[in-house]
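Trainee: Below is one structure. I have some questions about it.
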Amino acid sequence: MLVIRGDTQVEGVDFTETFSPVMKLSTVKCLVVVAVKHGWSMFQLYVNNAFLHGDLHEEVYMNLPQGLSISSSSSSSPLVCKLKKSLYGLRQASKQWYAKLSQALWSRGYTHSLNVYSLFVKGSSCDIVILVVYVDNIILTVNNLVEISTLKKFLDNEFKKKDLGLLHYFLGIEVSTSPDGVFLNQRKFVLDLLKEYNCLELSSVVSPLDLNSKLKADSGELFAHPERYMSLIGKLLFLTHTRPDLCFGVQHLSQFLQAPRLPHMTAAFHMLRFLKGTIDVGLFYSNSRDCTFTAYSDSDWAACPDICKSVCEFYVFLGDCLVAWKSKKQPVVSLSSAEAE
């Protein structure tokens with residue numbers, strides 16, 4: 001696979017704009033909930049070599065790839081390659097691919113949401129098609145199977161896509177369908193994580209964090225391998241996409257990434273032991289027709305022992321389905337519990 005060194009590109013010369021919208025996983029969850037509650041089918045597509053479809057608007061040159069030898073008539077002027085299409089590694093590659101895909105979908109009558117640019121909709125009084133894009137992965141839901149067949153054929157002619165059939169696995173999230181609804185979890189990821197850190201044989205615990213310990217930034221001996229702690233926290237953060245029960249604990253452990261200490265790593269392993277006993281836990285989205293929008297929020301008060309800041313959390317439901325949540329430390333110090341809330 002040929003990858004370009006985008007770090008050598010010069011802004012204003014080799015590229016101008018690089019922004020490309022990326023869909024949030026909360027958008028995927030909302031789409032799944034809407035599809036389940038309306039009884040729509042969900043399909044998944046993968047675009048082969050997505051970035052190669054983008055057209056370059058700047059002149060970009062690269063050295064000859066390693067292993068390719070072409071003789072030049074002038075020894076003082078070695079040959080270079082002029083790129084006609086965007087390649088993996090170019091800073092504008094993602095933007096150009098999104099522009100190409102958007103143009104193709106617009107020609108079919110699709111419009112993107114003004115709030116989520118990676119979400120495209122085409123609808124009429126009877127039929128509706130909703131499409132979300134995450135780089136080269138596409139999820140479709142529709143109430144008309146004829147339209148979905150036509151769209152698949154169109155995308156294949158334009159980009160050479162791979163049809164993955166009904167949605168069952170997306171960005172590490174397993175999607176299991178039942179007569180009562182859809183279940184989302186990351187069981188395989190949890191098992192791989194426990195195996196990587198040799199925790200499969202450890203006993204499980206009943207809470208993500210030890211309720212009797214208070215972690216401080218400067219308490220305990222410095223951990224000898226901080227990169228190992230950073231890697232573990234990053235993987236636990238990925239798990240919070242389907243595990244709201246980990247949200248507060250991971251937020252708490254993320255505060256010590258700059259200088260992790262032994263108590264922090266011990267607390268991270270405590271969370272792995274919690275995962276050992278909750279491997280199959282995930283999100284269940286029922287097919288109940290209730291689509292009431294409900295949100296809950298709460299906060300503690302000055303619970304941080306280092307800087308006395310409060311932590312706030314919110315949870316958003318669509319009907320009886322949890323679609324968004326977050327745990328975050330507040331930017332300022334609250335002088336009372338009422339101010340913190």
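The values are calculated or read from the model by the stated rules, or taken from the named source; none is laboratory data. What you are looking at is a predicted structure, and each value in this text was computed from that prediction instead of being measured. For neighbour counting, all protein chains shown are included, and Cβ atoms are generated from backbone atoms with ideal geometry for every residue, glycine included. Calculation scope for accessible area: heavy atoms of the full protein, side chains included, ligands and nucleic acids excluded. Shrake-Rupley method; radii C 1.70, N 1.55, O 1.52, S 1.80 Å.
Trainee: Within 10 Å of each candidate Cβ there may be at most 16 other Cβ atoms; applying that plus a DSSP loop requirement, which trypsin sites (Lys or Arg not before Pro) in segment 148-203 survive?
Mentor: Qualifying residues, ordered by number: 160.
Trainee: Separation of segment 312-341 and segment 145-221 by C-alpha centroid, Å?
Mentor: Centre-to-centre distance over Cα atoms comes out at 24 Å.
Trainee: Now, a different point. Only Cα pairs within less than 10 Å get springs; with that Gaussian network setup on the chain, which residue of 202, 222, 64 has the largest fluctuation?
Mentor: Checking each option, the largest mean-square fluctuation is seen for 64.
Trainee: Follow-up question, since we're still on this one. If a/c stays under 1.5 just call it rounded; otherwise compare a/b with b/c (prolate if a/b is bigger, oblate if not). Do that for segment 195-319, with a ≥ b ≥ c from the square roots of the Cα gyration tensor eigenvalues.
Mentor: Oblate is the answer for segment 195-319, as a/c is 1.5 or above yet b/c matches or exceeds a/b.
Trainee: Filter the DSSP H helices in the chain by two things, a Kyte-Doolittle mean of at least -0.5 and an axial alpha-carbon span of 15 angstrom or more, and list the hits by number.
Mentor: Those that pass (Cα extent of 15 Å or more, hydropathy at least -0.5) are 25-38, 93-106, 145-159, 226-239, 262-276.
Trainee: Which of the trypsin sites (Lys or Arg not before Pro) across segment 206-257 are loop residues per DSSP, with 16 or fewer other Cβ within 10 Å?
Mentor: Answer by residue number: 214, 216.
Trainee: Moving to a separate point now. Which of these, 107, 327, 20, has the largest mean-square fluctuation under a Gaussian network model of the chain (Cα springs below 10 Å)?
Mentor: It is 107.
Trainee: Ignoring ligands, DNA and RNA, please state the percent of accessible area on the chain from carbon and sulfur, probe 1.4 Å.
Mentor: 56 percent
Trainee: Find the relative contact order for the chain and round it to a whole percent, using C-alpha pairs within less than 8 Å whose residues are 6+ positions apart.
Mentor: Reported as a whole number, the value is 16 percent.
Trainee: To continue, here is another question. Test of the criteria: in segment 193-283, which GluC sites (Glu not before Pro) are in a DSSP loop and have at most 11 other Cβ atoms within 10 angstrom of their Cβ?
Mentor: Passing both the DSSP loop test and the Cβ count: 201, 221.
Trainee: Hey, another quick one. Go through (1) 32, 25, 20; (2) 38, 21, 19; (3) 40, 31, 20 and flag the label whose value is the computed semi-axes √(5λ) of the Cα gyration tensor in Å for this structure.
Mentor: Among (1) 32, 25, 20; (2) 38, 21, 19; (3) 40, 31, 20, the one calculated here is (3).
Trainee: Using Stokes-Einstein with the Kirkwood hydrodynamic radius over Cα pairs, what translational diffusion coefficient do you get for segment 140-201 at 4 °C and a viscosity of 1.567 mPa s, in µm²/s rounded to a whole number?
Mentor: Translational diffusion coefficient: 89 µm²/s.
Trainee: Taking the solvent-accessible surface of protein heavy atoms with a 1.4 Å probe, what is the per residue accessible area of the chain in Å²?
Mentor: That works out to 55 Å² per residue.
Trainee: Residue 68 to residue 156: extension gain in nm, 0.36 nm per residue of separation minus the Cα-Cα distance?
Mentor: Once the chain is fully extended between residue 68 and residue 156, it gains 28.5 nm.
Trainee: Additional query: What nm distance separates the two modelled labels at residue 58 and residue 17, each placed 7 Å from Cα along Cα→Cβ?
Mentor: 1.4 nm
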